[in-house]
Amino acid sequence: MDELDKLILHELQRDGRASISDIAKRLKRPRTTIGERITRLEREGVIKGYKAIIDPSKLGYRFLAFVMLKVRRGATLEGRSNQEALAQRILADTRKAHDLPYVEEAHIVTGAYDIILKVWATKWEELTHFLIRYLASIGDVVSSETFLVLETFSHENEGFPVRHS
């Protein structure tokens, strides 16, 4: 990846809807060069896709929490650890059930906990149900600790840092 690739990535993160022509003008490069570079970056998986960034509060999500789970360590099933299987199960369950909050992310981590969940809830009762009924019903969850988010600061509008050499 060279400097031009990094500049293109920066432009796409700044405005994912920018046309190839607009990016070419801003970078003072031929449109065909920019188009070919973007196609290669997509093919190589550097660019994984394009999406709208949604404000969760506009969809009624009022509460954000990070839920830390300690889970029972067990034998691997079909090449997956117990932690991986549980994280995938929680993601699948919360996408299907209307009485559970939306779990945006599940991370297998090192340290005192095994899994961290990023959880969005529309109602307090939804989060309560998730914590004291749903998670409690999963035998492999040994314990949990929940952190409610009071305020968020992020680089969301800047995108992932593309380091220039």
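Derivation of every value follows stated rules applied to the coordinates shown; laboratory data play no part. Everything quoted here is computed from the prediction, not taken from an experiment. Heads up, the Cβs are rebuilt from the backbone with ideal geometry, glycines too, and the neighbour counts pull from every protein chain shown.
Quick look at the values:
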{"quantity": "Checklist (1) of a type in the set (Val, Ile, Thr); (2) surrounded by fewer than 16 Cβ atoms within 10 Å (Cβ to Cβ); (3) in contact with a helix residue (DSSP H, G or I) (Cβ under 6 Å, 6 or more places away or on another chain) applied to VAL141, failing item", "calculated": "(2)"}
{"quantity": "Scan of region 103-137 for residues that are within 14 Å of the chain's Cα centre (by Cα), closer than 17 Å to LEU59 by Cα and among the charged types (D, E, K, R), ordered by number", "calculated": "GLU104, LYS118"}
{"quantity": "Selection from region 98-120 of residues that are hydrophobic (A, V, I, L, M, F, W, C) and within 15 Å of THR146 (Cα to Cα)", "calculated": "VAL103, ALA106, ALA112, ILE115, ILE116, LEU117, VAL119, TRP120"}
{"quantity": "Qualifying strands (runs of 3 or more DSSP E) (wholly inside region 87-165; at least 1 residues being small (Gly, Ala, Ser), touching a Phe, Trp or Tyr at 6+ places or on another chain (Cβ under 6 Å) and over 30 Å from LYS6 (Cα atoms))", "calculated": "115-121"}
